[in-house]
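Okay, structure first, notes after.
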Amino acid sequence: MSEKEKTENGSSKGKEAFEAEFEALPLDEKFSRLFKMEAVTIGETINYVVNNSSKLVDKAVEAMNDLGRKVQTECSEKKATDEKAEKAEKKEAKPAADKK
């Protein structure tokens, strides 16, 4: 017998036992248990949403940081290129001024 078959048989027996136990309960106890299960489900749902929302915010912050680094790098490269061009222009302008 495979592991999957063992699990399926065990869970179906557990499910049948749970259903039989639930059916034997009085109505007010059934409502009480259902409300408890709903409360747990709502709590898990809220935790799931909060955790995934924080992961989404973390990814957004990371993307913004990456974009900021990229822009900063491009600006630094542009500034360095502009400074080199400015120095080259000054060197070209000096010899022309010396000739006059």
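A quick yes/no check of all residues on (1) surrounded by 10 or more Cβ atoms within 10 Å (Cβ to Cβ); (2) modelled with pLDDT of 90 or more; (3) of a type in the set (A, V, I, L, M, F, W, C):
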| position | (1), (2), (3) |
| --- | --- |
| Asn9 | yes, no, no |
| Ala17 | yes, yes, yes |
| Pro26 | no, yes, no |
| Thr73 | yes, yes, no |
Looking only at region 36-58, count how many residues are at pLDDT 90 or above and within 16 Å of the chain's Cα centre (by Cα). 4
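The values are calculated or read from the model by the stated rules, or taken from the named source; none is laboratory data. Model, not experiment: these values are computed from the prediction. Counting neighbours? That spans all protein chains shown, and the Cβs are built from the backbone with ideal geometry, glycine included.
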